[in-house]
Amino acid sequence: MTTSTAQHPDLDWSQVRETVRMMNLAVAQIEMSMKEGDDSVDTLTDAFTTMAARVQVVEMMAKDKEDTESKQIVEQCEAVTAEMQHAIMAFQFYDKLTQRLSHVSHSLASLVDLVGDNSRLYNPIEWSLLQEKIKSKYTMPAEHDMFEKMMQGMSIEDVLQEVQHTKDDDIELF
């Protein structure tokens, strides 16, 4: 492995190698962020599951009684349950985010492989294969749409503006 870097270039220095290093850094940062986020969401999910079960127990106990205080307890339990459902929706948005970041991470890793391989770098067929590989990993309609628009040459700003107007609402409501 060469020790030539942008900070200490020698005759073996390569902007492609520097690009690969920077892209690998981006992949590593995405992967680390997703791992940390997954750990936090798992903890929150467990906590919400436990709280929901306890709220249900309290609600059942209060429903057995007919007094005003018990009715207020039931109302509060129902309100807490509704708030928990909002939190669950947020978890679903997080899941969608991690799916997208995972796709970005794998796409960048595949791009790094291509850019780092001089025998494939200048081959249009290899680039087409890469694009098809990336596209095949997408699971959400918005990703496919964004991919197609970017491959047609639309600017990032235009694509993002269009996507904002046609957001896919595939979050389950409980």
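Just so you know, all these numbers are worked out from the coordinates, no wet-lab data involved. Remember, predicted model here, so these are calculated numbers, not experimental data. Using ideal geometry, Cβ is built from the backbone for each residue, glycine included, and neighbour counts are taken over all protein chains shown.
General remarks:
- Exceeding the 32 Å Cα-Cα cut-off - candidates LYS35/LYS135; LYS96/LYS133; LYS71/LYS96: LYS71/LYS96
- Working from Cα pairs under 8 Å separated by at least six residues, relative contact order for the chain is 23 percent.
- Cross-link partners for LYS65 among the lysines, with Cα-Cα distance under 21 Å and sequence neighbours closer than 8 places in the same chain left out, do not exist in this structure.
- Electrostatic tally near TRP127: other residues with Cβ closer than 15 Å to its Cβ, Lys and Arg +1, Asp and Glu -1, net -1.
- Residue-by-residue Karplus 3J(HN,Hα) for the stretch 27-44, coefficients 6.51, -1.76, 1.60, Hz, glycine and proline x: 4, 4, 5, 4, 4, 5, 5, 5, 4, 5, x, 4, 4, 5, 5, 4, 4, 5
- ³J(HN,Hα), Karplus 6.51/-1.76/1.60, whole Hz, each residue of the stretch 143-149, x for Gly, Pro: 5, 4, 4, 4, 4, 4, 5
- The chain: calculated mean residue ellipticity at 222 nm from DSSP helix runs of at least 4, using -39500 (n - 2.57): -27500 deg cm²/dmol
- For the chain, a Gaussian network of Cα nodes joined below 10 Å ranks GLU157, GLU75, GLU148 by mean-square fluctuation, and the top entry is GLU157.
- Here's the list of aspartates and glutamates a cross-link from LYS63 could span, going by alpha-carbon distance under 16 Å and ignoring same-chain residues fewer than 8 apart: GLU75, GLU78.
- Label of the coordinate-derived value, mean projected area of the Cα convex hull in nm², listed as (1) 15.1; (2) 10.2; (3) 9.4: (1)
- Under 15 Å from the Cα of LYS137 - aspartates and glutamates, other chains or at least 8 residues apart: ASP145, GLU148
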